[in-house]
Amino acid sequence: MSPLVTALVVGAVVAAVSGPVGVFMVARGQSFAGHALADAGTTGGAAGYLAGVNVLYGFVAFNLVAAAAMEALGGRRAIARDVATGVVLGASLALTALFLHIETSTATTGATVTVLFGSLFSLAPGTVPVVAALGAVSLALSALLYRPLLLSAVHPDLARARGVHPGLVGAGYLAALSLAVSLSAVTIGAILSTALLVGPAAAALHLVRRPAAAMALASLAALACTLGGVGLAYASYHWPPAGRGWPVSFFVVASVLLVYGASLAARRR
Amino acid sequence: MFSGFMVDTWEAASVVAVVAGLAGFFVVARGSAFAAHALPSGAFAGAAGASLLGVSTTLGLGVFSVAGAAAIAALGRQARRDVAAALAIVAMLATGSLFLALGNGYAGEVDSLLFGQVLGVSSAQVEVTAALGAASLALLVVSWRRVLWSSVLPEAAAARGVSPGAADASFLAVLALVTATAVPVVGALLVFSLLVAPPAAARQLAGRPGSAALLGTALALATVWASVALSYEENLPVGFVVGALGALLYAAARLSAGRRGRARRSGCG
Amino acid sequence: MTPLLELEGVTVTLGGRVVLDGVNLRLADGQFTGLIGSNGAGKTTLLRVALGLLTPQRGRVLIGGQPARRRAELVGYVPQKVELDPDLPLRVADLVGLGLDGHRLGLPMPSRTRAARVAEALEAAGAAHLAGQRAGRLSGGEQQRVMIAHAIVARPRLLLLDEPLANLDLPSAKAIVSVLASVAAERGVGVLISAHDMNPLLPVMDQVAYMADGRLAAGSTGEVIRSEVLSELYGHPVEVIHVRDRVLVVAG
């Protein structure tokens, strides 16, 4: 596979997963948790780098631990959850600082920047099956929890009355979110994973009323932004400064912001 | 440890701890940890980009802090606040990634903007830090009651002319100033830890707004002082010590508050 | 004499829907008025108009003879469904103090007059014993008393309350009503309180303002709570039934 094809395939998988997972994330008010997981994953990435294991496994493992810590500290109220997410994020950033300090080689800052900003074009073709498998697990988990998640988004007590434990459902969803974030952060970078999860989902929720339609629309919008971003970044190798290329993340985020802005304008009319 | 160039370090770090501890009271009370993460991280991207483009980092930092705060305030009126913060941080980081791609080479300054350069603070830097810190403090004192009232009872405050939008703008302006004060000294990741963990620990222990804010400041100062000392004596990265101490403080405060709560309940019968 | 609150021909359209339809209402000093109606009748919108938070498309809103927006200092307000963070380090006395000077710039400076005003408001709301407690950890009835103290501490002439009795059991609701009645009687404060059930208010109401579909009929309970008046207001026949000391309004 050529780098461009790999980039397009991985981008498409990430976009497809981002729609449903992102709509639940925005509707449940967990955008901060999603972003924090992406950032916290870099800690696992740095640990994996130190230990000499695949960075992706470090990402997934640390993400699941961070998600469990947020759920355990957070509880039900919005402010308590916000604080818990912040404390977990702060602690994991501290560990990142430590790992990068231990690994004193100059290459580490480059690693941090790659993890933050992502680099779709430097993906190894071997990543594709792993990405597809993790994406499928995340989607399957979201589908499994679809109705309980909607019910507990309306009101936790409604879910409880139907024998659904909102805490368990929330924990299950955080696991799905962790997987989605891990796979997108490790392939396209932490900022892109946040942008693709939040922007298209928030835009879709402005435009349509049914949750399933919002998820499909969000996936489509995320796909369009990713493909457009990859195409523009590929074209930008011919733009000044010659031969350097503009970053994919810039184009993808710019498209996401445009889509979101358009949805705001459409809602106002 | 207390002689020569280290005096500047102690002074700058203390200023940062005081403003972050006080502003952190509102970060926690308003559930705005995401904004407290988004502004420093986004401003870091602006500063790093500026240094790579050969422009003053202070300018990049200032422009990105203010623009980020304005974006979060404006978007926050249209959408959920966590979505606003998420979109603002990805927009700032993506712009930063563009600067990184277009700039020439890699500046060591990027690392220190992310993780701090506490041990290398210059006298000139101390003056800038002190001036910006004084400005943060002044704005915080002036807007204190309005922001507090609007955080607790937004509708009642609105009825007396304190609109939620205006209160949010004041708070974000304070956060932008704190960002500009603190990022060059302690780094983007560490500002966030200081803004969340010590104030979150303090609110578990104190019962009144003033005492919670002062206790949070005292805890932030203790954290920063211990971090400077440990990083000087043990050569540990400051970012790690601050983040780890913050998380430990929060955990200890939660345990202590939980124990007192149980004692009170069992005392009542 | 100029009425304390005067709404004249107030019409509000929100998102293409007429929420208030030519509403007229007058309230005098010390007068206790119940704003009664089912959910969606326009009660909250009317209160927001009276607070000056919402400008009507048509009509006048005057407080003490002047536009409502300019007389905010004359009005105390208890919003609907207040949810306080239980972990917020804020004692009841601090919260009530915000009602006094929360709109001012600068730090709250402790002073004897300030403490006395807060204590007096808490006393009047029957909440003096709660002063030192964390505001977010009170029961529903306790919290409502504290919100009343917060609303009256600045000594307003008009008190607006949005569904303060919702979610309270009957004894708590009765206690809140008697606190409000004494605030109206002893301090000469005009009280406008919205509720979907008029029964807890019947013993103390000087005036009832009954709302249905954005329209309002005001007068004494004897004048307004009658089958003919309410049928005209609803636009279809309804019946007013008296069961012992309770009043029920049912579709006829």
Original post:
Hey, does the range B:200-215 have a residue that's under 29 Å from B:Ser122 (Cα atoms) and hydroxyl-bearing (Ser, Thr, Tyr)?
Top reply: no
Original post:
Is there a residue being of a type in the set (Val, Ile, Thr) and either within 26 Å of B:Val118 (Cα to Cα) or in contact (Cβ under 8 Å) with a residue 24 or more places away in the chain (or both) anywhere in the range A:57-69?
Top reply: yes
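Yes or no, residue by residue, for (1) surrounded by fewer than 20 Cβ atoms within 10 Å (Cβ to Cβ); (2) touching an Asp or Glu at 6+ places or on another chain (Cβ under 7 Å); (3) modelled with pLDDT of 85 or more:
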{"residue": "A:Leu100", "(1), (2), (3)": "no, no, no"}
{"residue": "A:Thr104", "(1), (2), (3)": "yes, no, no"}
{"residue": "A:Thr108", "(1), (2), (3)": "yes, no, no"}
{"residue": "A:Leu120", "(1), (2), (3)": "no, no, no"}
{"residue": "A:Pro125", "(1), (2), (3)": "yes, no, no"}
{"residue": "A:Ala133", "(1), (2), (3)": "yes, no, yes"}
{"residue": "A:Ser142", "(1), (2), (3)": "no, no, yes"}
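Residue by residue, here is whether (1) under 15 Å from the mean Cα position of the chain (by Cα); (2) in a helix (DSSP H, G or I) holds:
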position	(1), (2)
C:Gly132	no, no
C:Val146	yes, yes
C:Ala149	yes, yes
C:Ala154	no, no
C:Ala166	yes, no
C:Pro171	no, yes
C:Ala175	no, yes
C:Ser178	yes, yes
C:Ala181	yes, yes
Original post:
Name the residues in the range A:73-94 that are in contact (Cβ under 8 Å) with a residue 12 or more places away in the chain and either touching a strand residue (DSSP E or B) at 6+ places or on another chain (Cβ under 6 Å) or away from chain B (no Cβ under 11 Å) (or both), would you?
Top reply: A:Arg76
**OP:** Residue by residue through the range B:18-54, note down the ones that are of a type in the set (Ser, Thr, Tyr) and within 13 Å of another protein chain (Cβ to nearest Cβ).
**Re:** B:Ser32, B:Ser41
Original post:
Across the range C:30-76, which residue is farthest from the chain's Cα centre (by Cα) among those that are surrounded by fewer than 18 Cβ atoms within 10 Å (Cβ to Cβ) and in a helix (DSSP H, G or I)?
Top reply: C:Arg70
Subject >> In the range C:95-115, the residues that are assigned to a helix (DSSP H, G or I), within 8 Å of another protein chain (Cβ to nearest Cβ) and buried (at least 23 other Cβ atoms within 10 Å of the Cβ) >> reply: C:Leu95, C:Leu98, C:Gly99
**OP:** Answer yes or no: is there a residue in the range B:33-42 that is within 20 Å of the chain's Cα centre (by Cα) and farther than 28 Å from B:Arg145 by Cβ.
**Re:** yes
Original post:
Given the residues A:Gly245, A:Gly229, which is the only one that is modelled with pLDDT of 85 or more and over 16 Å from the mean Cα position of the chain (by Cα)?
Top reply: A:Gly229
Original post:
Can you name every residue in the range B:212-254 that is among the small types (Gly, Ala, Ser) and farther than 16 Å from B:Ala23 by Cα?
Top reply: B:Ala222, B:Ala226, B:Ser227, B:Ala229, B:Ser231, B:Gly239, B:Gly243, B:Ala244, B:Ala247, B:Ala251, B:Ala252, B:Ala253
**OP:** Considering only residues that are touching a residue at least 60 places away in the same chain (Cβ under 8 Å), among the aliphatic types (A, V, I, L, M) and closer than 21 Å to B:Gly24 by Cα, look in the range B:34-69 and name the one that is surrounded by the most Cβ atoms within 10 Å (Cβ to Cβ).
**Re:** B:Leu39
Original post:
Of all residues in the range B:146-159, which are crowded, with 23+ Cβ neighbours inside 10 Å and within 7 Å of another protein chain (Cβ to nearest Cβ)?
Top reply: B:Arg146, B:Leu148, B:Trp149, B:Val152, B:Leu153, B:Ala156, B:Ala157, B:Ala158, B:Ala159
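The values are calculated or read from the model by the stated rules, or taken from the named source; none is laboratory data. Please read these numbers as outputs of a predicted model, since none were measured by experiment. Here the Cβ is made from the backbone with ideal geometry for all residues, glycine too, and neighbour counts use every protein chain on show.
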